[in-house]
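Notes follow the structure.
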Amino acid sequence: MGLIELLHMSVFSQSFSPCGKFLAAGNNYGEIALFSLSAALGPDANELSQKPILTFTAHEGPVFSLLSTDSHLLSAGNGEISAWSWAELIKKNVKAAWTRRPNYKSSLEIPEINAMALNPADNSLAVGGGDNNVHIMDLENGAFKSVLQGHTDYIHCLNVRERASEVLSGGEDGAVRIWDTRTSQCVHCVEVYKYETCARPQHGKWISCLTTDSDWMLCGGGPSLSLWHLRSMSPTSVFPLPGCQRQATFYQDMILTVGEGQCVSHCLMGGEVKAQIPCTPHSINTLAINTNSTEHRVLTVGGSSDHIDVFTNLSYKAFSLRF
């Protein structure tokens, strides 16, 4: 890859292997790079250890979403989802185990897939993107079994509440919809931008990040990042972060969030911003925490750069992996 391509690279997605020893990252050129965390974190680590052990083209368009099951890496491109065996990737064998396309209305339609979410309860995969719908795929047989319709613009983010049998979706239309996976019906629709404490009309109404923990939901984008109680359906905290947030996660007693701006923000549940830790990319798309291996427990951050920052301690960047 040339210098110009590297300068214009954006990392959109990340996923750790089931064993926690490898990190996969997807970029705007349709490539997936595989990094060895064992090598990068080892005592003999050098510059070469921070380069991919494997890079391959997975899709024609950007890889907006990556997920791992117990055995496969799932990647989403324009209008398709592919599965890659982790065991084969680690051996540097690049061949998709399968590729599936949601049942789009027209064969000419190739909407991008922006988000995927696994539902371990029924071994299904929720997929959302440019056709405004959430498609539910049965991972057992590869069939798309239902379509959740209601958004009026494209879907940016998805989340599964396993215990409640619910899928949550956030879209360009400014709505967070909560779906009952048993009936495929929308049980709640929260239009975040209509709440005065969250609204930021200058940024728009779109929802770009969404995550849940028990009865709590975090969401933001155009509106400020806010914490909601899902029983009362009301915002309890609004975080005073200037840019649009693209990914947020609950971690221990904190919230970690990234988006516009060159930092990872550490927030307290009450709404305070406790710290902002500098990063390499000027704008950040993806944040991931490796919970699959205690030995390789790291936070990784990617965005408008060919660097993926690695934090062995949440307080500072330890080093960067590079495409």
Hydrodynamic radius by Kirkwood, which averages 1/r over all alpha carbon pairs of segment 1-129, in angstrom: 15.4 Å
Options Tyr104, Ile255, Gly77, ranked by Cα towards positive dipole end of the chain, top entry (Cβ charges): Ile255
Normalised per residue, the volume of the convex hull around the Cα set of segment 154-204 (Å³): 80 Å³
Value at 222 nm in deg cm²/dmol, rounded to 500, when DSSP H runs of n ≥ 4 in the chain each add -39,500 (n - 2.57): -1000 deg cm²/dmol
Potential lengthening between Glu272 and Ser214 on full extension [0.36 nm per residue; Cα-Cα distance subtracted]: 18.8 nm
Whole-number D in µm²/s for segment 188-238 (Stokes-Einstein; Kirkwood sum over Cα pairs; 37 °C, 0.692 mPa s): 305 µm²/s
Gained length - Arg182 relative to Tyr316, 0.36 nm times residue gap less alpha-carbon distance: 43.9 nm
Radius 14 Å from Cβ of Pro120, net charge of other residues (Lys, Arg +1; Asp, Glu -1): -4
Net length gained if the chain between Met254 and Ala97 were fully extended (0.36 nm per residue, minus Cα distance): 52.7 nm
Accessible surface, segment 71-208, averaged per residue in Å² (probe 1.4 Å): 47 Å²
Point-charge dipole on Cβ atoms (K/R +1, D/E -1) for the chain, about Cα centre, debye to 20: 200 debye
The chain - convex hull of alpha carbons, volume per residue in Å³: 132 Å³
Portion, in percent, of the accessible area of the chain that falls on carbon or sulfur, probe 1.4 Å: 48 percent
Compactness index (Cα Rg / 2.2 N^0.38 Å), segment 59-112: 1.21
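The values are calculated or read from the model by the stated rules, or taken from the named source; none is laboratory data. Here the structure is a predicted model, which means the values were calculated and not measured. Note that we place each Cβ from the backbone using ideal geometry, even for glycine, and neighbour counts take in every protein chain shown. We work out accessible area using only protein heavy atoms, side chains counted, and drop any ligands, DNA or RNA first. Shrake-Rupley method; radii C 1.70, N 1.55, O 1.52, S 1.80 Å.
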